[in-house]
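Below is one structure; the comments refer to it alone.
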Amino acid sequence: MKIAINLTRDNVGGITSSNLNLVNYLYKLDDEFIGLELTSRMYMKGPALFRHFDPEVFDHHIINIHNLPLMDVLKHSKTLREVENAYKEAIKIIRGILNETRPDAVLLSGTYYMPWLISIAAKKEKIPVILWYSGVLSKETEHYPDKLKKLFLSMEKSVIKNSTQIIFPSGLCKKTVEELVVKGKIRNSYVIPNPVASIFTDPSAVDASIERRIAAVGRYSKIKNFDKFFELHLELQKRKWRHTASFVTNPNASFKTMPKTIEVLPSMTAEGLKKFYLSQGLIICPSTFETFGNVPMEAACLGIPVLVSDTMGCAEVLKKVGLANMVIFFDDIKKVTDRAQELCGQSILPKQLNVLKRILDNNFVSEEIRAVLDNTTKRNNCVK
């Protein structure tokens, strides 16, 4: 099978790590890939995350659109059609790549403007699109001015309309898209959790001195709600509960409310993150909304307890394996603090841990996604 996917070389966030996990698996099955990377940067620093793949199997294309900053285009556009027209040359280039390489399917991660442009080109070339949902764009932009909100909503609807099949990482994600975006039921869809890389499922030794270490990991943004992590730390201090608190985040983040007693650490490689998780007693994830949540699942698969918001998709997995005590609403900080003290330094029972690893196993999840790709291409060939 030949699959086209959208790429980014930015920080290894949820979308990129899930893409990388999938490609690493499918690469072993002799699948071929066309990597489509749209970049809004005039200057890029390598190496790209996918460069270790054989160029004969992984055909990487870079389309530079730095002369068309999205916010400038949106500012001068009244309708989505006008936005599409502004990027017509980029769409033309993508169409040319797809026409020349003829992938069996296009697997898109996300609904932002770059995957949206690829979905337009794929539809014009009559190549089936499988949308692998990550963040819900309309949810992430709901605090934007009305004009921008409407354009982003139209963009997200357009990607969905251009897609033959949709993969959601959680029931929460699917429900949110149905209620907020399409205002109805989505038929051709699957709920498949994000895979966890094998590095986080290998048997590992937990640091014996982790009882009083809490941490948060992720980009500092409104939807991640890390201010609740800061509040938790202060409440623990008020209770004179001795502990250390660390925050792994983007290096350029500006923290107005973060206590100085929290240690800030830069983004890490997978190996670095694994070592960091294993040195912690509890990982805190207070997002106001997240379609899944890779960070807590990586930590939990290593046997480290987590405390996640009930508004995260991964909460469904924790409840399924009998770890509902690791799910909470973050509105009452005193209750959150009680639970954090209870969980910190505990171990996840072997039975629960084994089930969790099995559900999130990269090979198992990747095979499910490949089955969706396979079924979609077979249907498309039958239609032809």
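Taking each residue of segment 99-120 that is in the same structural domain as Asn6 (by TED's automatic domain parsing) and looking for partners that are surrounded by 24 or more Cβ atoms within 10 Å (Cβ to Cβ) and assigned to a loop (DSSP other than H, G, I, E, B) with beta-carbon atoms closer than 6 Å, six or more apart or interchain, yields Ser109/Ser134; Gly110/Ser134. In summary, Thr111 fulfils each of the numbered conditions (1) at pLDDT 95 or above; (2) among the polar types (S, T, N, Q); (3) not in a helix (DSSP H, G or I) with the single exception of condition (1).
For segment 318-338, check the following and say yes or no: at least one residue is more than 22 Å from the chain's Cα centre (by Cα), modelled with pLDDT of 95 or more and of a type in the set (Lys, Arg). Yes, the conditions are met somewhere in segment 318-338. Where helices (runs of 4 or more DSSP H) sit wholly within segment 279-384, those with at least 2 residues that are of a type in the set (Asp, Glu) and free of Cβ contacts under 8 Å to residues at least 60 places away in the same chain occupy 333-343. For the residues Leu80, Leu74, Leu22, the requirement of being buried (at least 19 other Cβ atoms within 10 Å of the Cβ), hydrophobic (A, V, I, L, M, F, W, C) and modelled with pLDDT of 95 or more singles out Leu74.
Within segment 148-177, the residues that satisfy the criterion of being without any contact (Cβ under 8 Å) to a residue 40 or more places away in the chain and either β-branched (Val, Ile, Thr) or farther than 19 Å from Ala315 by Cα (or both) are Lys149, Lys150, Phe152, Leu153, Lys157, Lys161, Ile166.
Looking at Val365, is it modelled with pLDDT of 95 or more, β-branched (Val, Ile, Thr) and surrounded by 15 or more Cβ atoms within 10 Å (Cβ to Cβ)?
Numbers: modelled with pLDDT of 95 or more: no; β-branched (Val, Ile, Thr): yes; surrounded by 15 or more Cβ atoms within 10 Å (Cβ to Cβ): yes.
In short, no.
The values are calculated or read from the model by the stated rules, or taken from the named source; none is laboratory data. Predicted model only: the values in this text are computed from it and were never measured. Please note: Cβ atoms are built from the backbone with ideal geometry, for glycine as well, and neighbour counts cover all protein chains shown.
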